[in-house]
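Every number here is computed from the coordinates shown, using simple stated rules; none is lab data. Here the structure is a predicted model, which is why all the values come from computation and not from measurement. Here the Cβ positions follow ideal geometry from the backbone for every residue, glycine too, while neighbour counts run over all protein chains shown.
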């Protein structure tokens with residue numbers, strides 16, 4: 001899976017959990033998942049992160065979850081890292 005594939009798939013997961021329409025091109029790496037950004041509550045973020053784990057067949061521990069839940073870019077970087085590590089393990 002390429003970085004672009006991961007990003008597009010992740011955007012769809014985030015937008016599905018947003019609960020309001022938002023054009024996909026308005027979801028940028030610097031977009032905050034909290035507050036004035038996308039406005040996710042902490043409970044919404046837990047639900048989103050579980051959906052991300054299921055979609056990409058990955059797992060975040062508590063510390064990783066906190067770091068990934070800041071901006072879309074941070075979440076994307078965490079997912080790419082996990083997906084690439086899983087692919088490397090399968091290929092080894």
MRE, 222 nm, helices only [DSSP H, n ≥ 4, -39500 (n - 2.57), over the chain, to nearest 500]:
-20500 deg cm²/dmol
Give the separation of the Cα centroids, the range 1-44 to the range 52-78, in Å.
12 Å
Angle check, please: helix 42-56 long axis (alpha carbons) against the longest principal axis of the chain (alpha carbons), in degrees 0 to 90, nearest 10.
30 degrees
Please grab the % of Cα pairs in the chain that end up more than 15 Å from each other.
56 percent
Angle check, please: helix 72-91 long axis (alpha carbons) against the longest principal axis of the chain (alpha carbons), in degrees 0 to 90, nearest 10.
20 degrees
Using the basic label-point model (7 angstrom from Cα toward the beta carbon), what is the residue 36 to residue 66 distance in nanometres?
2.5 nm
Using Cα pairs under 8 angstrom and six or more residues apart, how large is the relative contact order of the range 3-91, in percent?
32 percent
